[in-house]
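Here's the structure, in structure tokens; my notes come after.
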Amino acid sequence: MLEWKIVVLGGGGVGKSAFTIQYIHNRFVDRYDPTIEDLYRKTVELDGKQYMVEILDTAGQETFMSMRDLYLRSGHAFLLVYSITSSTSLQEISTLPSQIRVLKETDKCPIVVVGNKSDLEGERKVPTSQGESWAKSVSCTFFESSAKNRVNVDEVFLKIIKLLDQIHTGD
Ligand code: GDP
Ligand code: MG
């Protein structure tokens, strides 16, 4: 079975854990220890093929830069999460696409940008068009999501698996 490692990155409080846990356990966790870094595994079936997906929900606690480099290197695909309620959170992921591509020594590695908390429209600070055009400028796929309402959670992971599959099969 093909095994894909997906690394979830982004600033604190943007919903990385809520998004990952919603995907894995189909529930919304309102309070999750922000310092916990966890590895989840799930088997996914797509077009009759089975995949083992390993998701690393990072917590930004790594003391050594080399630790961060280690996961960036071991990941096959990356989910960069910001919150639509925080412009700072978009800035926090701004250098990641290039850092990932340098470390991975490839432009082919799938990177998906997710503007989470789309249910908080009244607190929106980042217009959809801003997230979208930035993602496009760095050649990343873009989604807005709500971990709370389970909007675009499966879709994001499915997209990542499809992108990985395309690279693997060379389409
Ligand atoms: P992390 O630090 O990136 O892992 O963020 P968490 O997953 O711990 O989420 C931080 C806070 O934002 C928690 O209180 C979550 O309940 C909340 N949160 C996460 N995702 C959403 C979302 O889609 N909508 C709303 N309204 N709140 C969210
Ligand atoms: Mg977390």
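Could you check segment 20-76 and list, in sequence order, the residues that are in contact with an Asp or Glu (Cβ under 6 Å, 6 or more places away or on another chain) and surrounded by 12 or more Cβ atoms within 10 Å (Cβ to Cβ)?
THR20, ASP38, MET52, ASP57, THR58, ALA59, ARG68
Rundown of residues vs (1) farther than 24 Å from ILE161 by Cβ; (2) among the hydroxyl-bearing types (Ser, Thr, Tyr), yes/no style:
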{"site": "SER66", "(1), (2)": "yes, yes"}
{"site": "TYR71", "(1), (2)": "no, yes"}
{"site": "SER74", "(1), (2)": "no, yes"}
{"site": "ALA77", "(1), (2)": "no, no"}
{"site": "LEU80", "(1), (2)": "no, no"}
{"site": "ILE84", "(1), (2)": "yes, no"}
{"site": "LEU90", "(1), (2)": "yes, no"}
{"site": "ILE93", "(1), (2)": "no, no"}
{"site": "VAL102", "(1), (2)": "yes, no"}
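For every residue, the table says whether it meets (1) closer than 18 Å to VAL7 by Cβ; (2) buried (at least 19 other Cβ atoms within 10 Å of the Cβ).
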| position | (1), (2) |
| --- | --- |
| SER87 | no, no |
| GLU92 | yes, yes |
| THR95 | yes, no |
| ASP119 | no, no |
| VAL126 | no, yes |
| GLN130 | no, no |
| SER137 | no, no |
| ASP154 | no, no |
| HIS168 | yes, no |
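Scan segment 16-42 for residues that are near ligand 1 (Cβ under 9 Å from one of its atoms) and basic (Lys, Arg) and jot them down.
LYS16, ARG31
Listed residues GLU155, GLU121; which is at pLDDT 95 or above and within 15 Å of TYR23 (Cα to Cα)?
GLU155
Take the conditions at pLDDT below 95, of a type in the set (Asp, Glu) and within 16 Å of ligand 1 (Cβ to nearest atom) and apply them to GLU45. Does it pass?
Considered against the rule, which asks whether it is at pLDDT below 95, of a type in the set (Asp, Glu) and within 16 Å of ligand 1 (Cβ to nearest atom), GLU45 comes out as no.
(1) within 16 Å of ligand 1 (Cβ to nearest atom); (2) modelled with pLDDT of 95 or more; (3) of a type in the set (Val, Ile, Thr): which one isn't true of VAL53, the others all being true?
Just one mismatch for VAL53, condition (1).
Being surrounded by 14 or more Cβ atoms within 10 Å (Cβ to Cβ) and among the charged types (D, E, K, R) narrows it down to one residue among LYS108, LYS104; which is it?
Just a single option satisfies the conditions, and that option is LYS104.
Return the total of residues in segment 30-86 being among the hydroxyl-bearing types (Ser, Thr, Tyr), more than 26 Å from PHE142 (Cβ to Cβ) and more than 16 Å from ligand 2 (Cβ to nearest atom).
Qualifying residue count for the region: 3.
Taking only segment 1-41 into account, find how many residues are assigned to a loop (DSSP other than H, G, I, E, B) and within 18 Å of ILE161 (Cα to Cα).
1
The values are calculated or read from the model by the stated rules, or taken from the named source; none is laboratory data. Bear in mind the structure is a predicted one, so any value in this text is a computation, not a measurement. Note: ideal-geometry Cβ built from the backbone for every residue, glycine included; neighbour counts use all protein chains shown.
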